[in-house]
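Colleague: My questions will all concern the structure given below.
The values are calculated or read from the model by the stated rules, or taken from the named source; none is laboratory data. Model, not experiment: these values are computed from the prediction. Every residue, glycine among them, receives a Cβ derived from its backbone with ideal geometry; neighbour counts consider all protein chains shown. To get the accessible areas, we keep the full protein, side chains included, count just its heavy atoms, and leave off ligands, DNA and RNA. Shrake-Rupley method; radii C 1.70, N 1.55, O 1.52, S 1.80 Å.
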Amino acid sequence: AATSTVVLKREVTYMLDEIEFSCSDVGLFPVTVTVTDEGGNQAECLSVITILEKELPELLGCPPAMEVSSEGSLCQAAIPDIRGSFFVYDNCNSLVLSQMPEPGGYVGLGKTVITLIATDKSGNSVSCQTELVVTDPESPNFTSCPSDFTISELVCNPVAYYDMPVAVDNCSSYRDWE
């Protein structure tokens with residue numbers, strides 16, 4: 001006699017007590033999972049779902065390069081806080097803006113690259129760079145100037161001999177003429 005095994009497949013349904021999530025749920029979120037069979041029997045368990053937000057912030061505008069004058073004899077300028085000129089959109093509105101080098105520090109004459117970074121609470125970030133140019137607004141002054149002199153012989157390539165001039169600037173001294 002032949003025998004056969006019949007497997008009855010019973011349907012079960014799973015339900016979560018929370019199925020819609022928003023930016024405020026980013027991180028670890030507890031949910032209750034309920035399983036129900038065809039007979040109406042139920043069991044529940046608690047589970048933790050990790051809600052990830054992977055959308056990068058969107059850069060809308062980076063501040064333009066700027067020029068500032070050095071401060072007196074320091075020949076340096078304070079780094080301005082330009083985070084307010086850094087325009088970024090984030091779908092979860094959870095941005096932290098940072099600036100490197102940090103505002104309030106000092107940099108010398110010339111160009112300094114400033115990096116602006118916007119990071120959301122999931123660690124997604126976008127950055128841009130701009131330049132800060134520090135200039136010296138003060139003109140140098142001569143501390144000694146050669147006395148008037150005359151070249152008496154007019155030859156094809158006359159050579160003039162004179163005392164070296166010396167100039168002083170608030171940021172450096174110059175004595176490079178010959």
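Colleague: Looking at GLN99, GLN129 in this structure, which one is within 9 Å of the chain's Cα centre (by Cα) and open to solvent by less than 60 Å² (accessible area, probe 1.4 Å)?
Modeller: After applying the criteria, what remains is GLN99.
Colleague: For residues in the stretch 60-96 being hydroxyl-bearing (Ser, Thr, Tyr) and open to solvent by less than 90 Å² (accessible area, probe 1.4 Å), which is farthest from VAL168 (Cα to Cα)?
Modeller: So the residue we want is SER94.
Colleague: Scan the stretch 167-178 and give yes if some residue there is loosely packed, with under 10 Cβ neighbours inside 10 Å, part of a loop (DSSP other than H, G, I, E, B), modelled with pLDDT under 90 and of a type outside the set (Lys, Arg), otherwise no.
Modeller: In the first step, residues of the stretch 167-178 are kept if they are loosely packed, with under 10 Cβ neighbours inside 10 Å; the result is 176, 178.
Right, trim to part of a loop (DSSP other than H, G, I, E, B) and you get 176, 178.
Right, trim to modelled with pLDDT under 90 and you get 176, 178.
Going one step further and asking which of them are of a type outside the set (Lys, Arg), we end up with 176, 178.
Scanning the stretch 167-178, I find at least one residue that is loosely packed, with under 10 Cβ neighbours inside 10 Å, part of a loop (DSSP other than H, G, I, E, B), modelled with pLDDT under 90 and of a type outside the set (Lys, Arg), so the answer is yes.
Colleague: Another question, if that's okay. Taking the stretch 5-38 on its own, how many of its residues are farther than 24 Å from ASN93 by Cα and in contact (Cβ under 8 Å) with a residue 12 or more places away in the chain?
Modeller: Residues meeting the conditions: 16.
Colleague: Here's another thing I want to ask about it. Please work out which one of (1) exposed (fewer than 15 other Cβ atoms within 10 Å of the Cβ); (2) in contact (Cβ under 8 Å) with a residue 60 or more places away in the chain; (3) of a type in the set (Ser, Thr, Tyr) is the condition SER139 fails and give its number.
Modeller: For SER139, the failing item is (2).
Colleague: What are the pairs, 6+ residues apart or on separate chains, where a residue within the stretch 155-166 that is open to solvent by less than 90 Å² (accessible area, probe 1.4 Å) and hydrophobic (A, V, I, L, M, F, W, C) has its Cβ under 6 Å from a residue that is outside any loop (DSSP other than H, G, I, E, B) and modelled with pLDDT of 75 or more?
Modeller: VAL166/THR143; VAL166/SER144
Colleague: Hey, another quick one. If GLU138 passes every condition in (1) over 19 Å from CYS171 (Cα atoms); (2) touching a Ser or Thr at 6+ places or on another chain (Cβ under 9 Å); (3) not hydroxyl-bearing (Ser, Thr, Tyr) but one, which one does it miss?
Modeller: (1)
Colleague: Is it the case, given these coordinates, that GLY84 is assigned to a loop (DSSP other than H, G, I, E, B) and free of Cβ contacts under 8 Å to residues at least 12 places away in the same chain?
Modeller: Values: assigned to a loop (DSSP other than H, G, I, E, B): no; free of Cβ contacts under 8 Å to residues at least 12 places away in the same chain: yes.
Taking the combined requirement at face value, the residue does not satisfy it.
Colleague: From the list THR34, THR50, which residue is assigned to a strand (DSSP E or B), open to solvent by 40 Å² or more (accessible area, probe 1.4 Å) and farther than 30 Å from CYS171 by Cα?
Modeller: Just a single option satisfies the conditions, and that option is THR50.
Colleague: Next question, about the same structure. Residues of the stretch 105-126 being open to solvent by 50 Å² or more (accessible area, probe 1.4 Å), in contact (Cβ under 8 Å) with a residue 24 or more places away in the chain and in contact with a strand residue (DSSP E or B) (Cβ under 6 Å, 6 or more places away or on another chain), which ones?
Modeller: Residues satisfying the conditions are TYR106, LEU109, SER125.
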